[in-house]
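Take a look at the structure set out below.
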Amino acid sequence: MILSVAVIRGFKQEIRQKIRGFSGDIVVQKYDNNYSYQNSPFTADPGFEKKVKASPFFTRIMPTATKPGIIKTRDEIEGVVLKGVDKNYDWSFFKKSLVAGKVIDFSDTTEAKKELMISSYTASRLKLKVGDKFLMYFVQEPLRKRPFYVRGIFDVGVEDIDKTFVIGDLSLVGRLNNWNPDEIGGYEIRVSNFDQLETANDFLSDKMPLKLKSYMISDLYPSIFEWLKLLDVNAKVMLILMLVVA
């Protein structure tokens, strides 16, 4: 009985850690009616960043931006979302999730704009391996295309993430969108204690400029977190049945 409960708890913890590793714990974006993967830009706020870094609730704040696109190889095409990050991004999770290659190297800013990390799912679908070159199209006016090569292949182990995202350079997203150099699509924030996520989010809401809004990862991946709650119910039912039998 104890072993069964421990297995369920361990499984829940693993899934939660994977989502946290990829998306952070809280995502901050511009407060508007845009619910697409094409972020609305806002100017990075050093004052807000300083408040987050000074709070014991948080361990990291990182600028990001997302942009939909289509990868085309010789024989296949695949719709994906480019997640842009910069040189200050925390790569610890991705280094554990790599199955081939390396993370993006920002020491050469020109070369970094040509590198993408893709999931093992996308690599399999498009028959790509580390070092392979391909084109990615961005549907906008005018239509834009960019050449990339595979820098690394990761496997997060969460289908919603592996089927959707590729990782690239944040400044490239800004350039494609004609943003100003200091504009970003959002912040990805890590909390020091996940059990205090709601408290940390409330604290953050009081410190944010009015133009910004925060979303907890439970808001961004509601189906997954509802499913994890059901596992708790299953565990309780199983315990009750075992006690009745005993």
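The values are calculated or read from the model by the stated rules, or taken from the named source; none is laboratory data. Being a predicted model, the structure only gives us computed values, none of them experimental. Because the Cβ atoms are built from the backbone with ideal geometry, glycine has one as well, and the counts that use them run over all protein chains shown. SASA here: full protein model, heavy atoms, side chains in, ligands and nucleic acids out. Shrake-Rupley method; radii C 1.70, N 1.55, O 1.52, S 1.80 Å.
Annotation: amide H-H contacts under 5 Å for D169 (H modelled 1.01 Å from N, sequence separation of 5 or more, or interchain): V85. Overall, the accessible surface of the chain at a probe of 1.4 angstrom is composed of carbon and sulfur to the extent of 54 percent.
Given [x] 52, 40, 40; [y] 68, 46, 33; [z] 56, 47, 36, which label gives Cα extents along the principal axes in Å as computed from the coordinates? Only one listed value fits the structure, namely [y]. To the nearest 10 degrees, how steep is helix 197-207 against the longest Cα principal axis of the chain, on a 0 to 90 scale? Taking Cα atoms only, the helix is inclined about 50 degrees. Rounded to the nearest 500, the helix-only mean residue ellipticity at 222 nm of the chain stands at -11500 deg cm²/dmol, with each DSSP H run of n ≥ 4 adding -39,500 (n - 2.57). Calculated accessible area for the stretch 133-236 comes out at 52 Å² per residue, all protein chains present (probe 1.4 Å; ligands, DNA, RNA ignored). Can you compute the label reach from N34? Point 7 Å from Cα along the Cβ direction, backbone N cut-off under 20 Å, restricted to the stretch 153-169. Residues passing the 20 Å test: 165-169.
Loop-located chymotrypsin sites (Phe, Trp or Tyr not before Pro) in the stretch 45-130 (DSSP state other than H, G, I, E, B) with a sparse environment of at most 16 neighbouring Cβ atoms within 10 Å: W91. Within the straight-line cut-off of under 12 Å between alpha carbons, the aspartates and glutamates reachable from K95 are D155, sequence neighbours fewer than 8 places apart in one chain being disregarded. Note on K207 and R20: their simple-model spin labels are 1.8 nm apart, each label 7 Å out from Cα toward Cβ.
The convex hull of the Cα atoms of the stretch 25-148, projected and averaged over all directions, covers 9.6 nm². Among the trypsin sites (Lys or Arg not before Pro) in the stretch 187-228, those located in a DSSP loop and surrounded by at most 14 other Cβ atoms within 10 Å of their own Cβ are K211.
What the phi angles of the stretch 172-177 give under the Karplus curve with 6.51, -1.76 and 1.60, with θ = phi - 60°, is a coupling list of 5, 4, x, 5, 4, 8 Hz, glycine and proline written as x. Using only side-chain charges placed at the Cβ, +1 for Lys and Arg and -1 for Asp and Glu, the dipole size of the chain relative to its Cα centre rounds to 480 debye. Determine, from the Cβ-Cβ distance of S124 and K95 and an R0 of 30 Å, the FRET efficiency 1/(1 + (r/R0)^6), rounded to the nearest 0.05. About 0.90, to the nearest 0.05.
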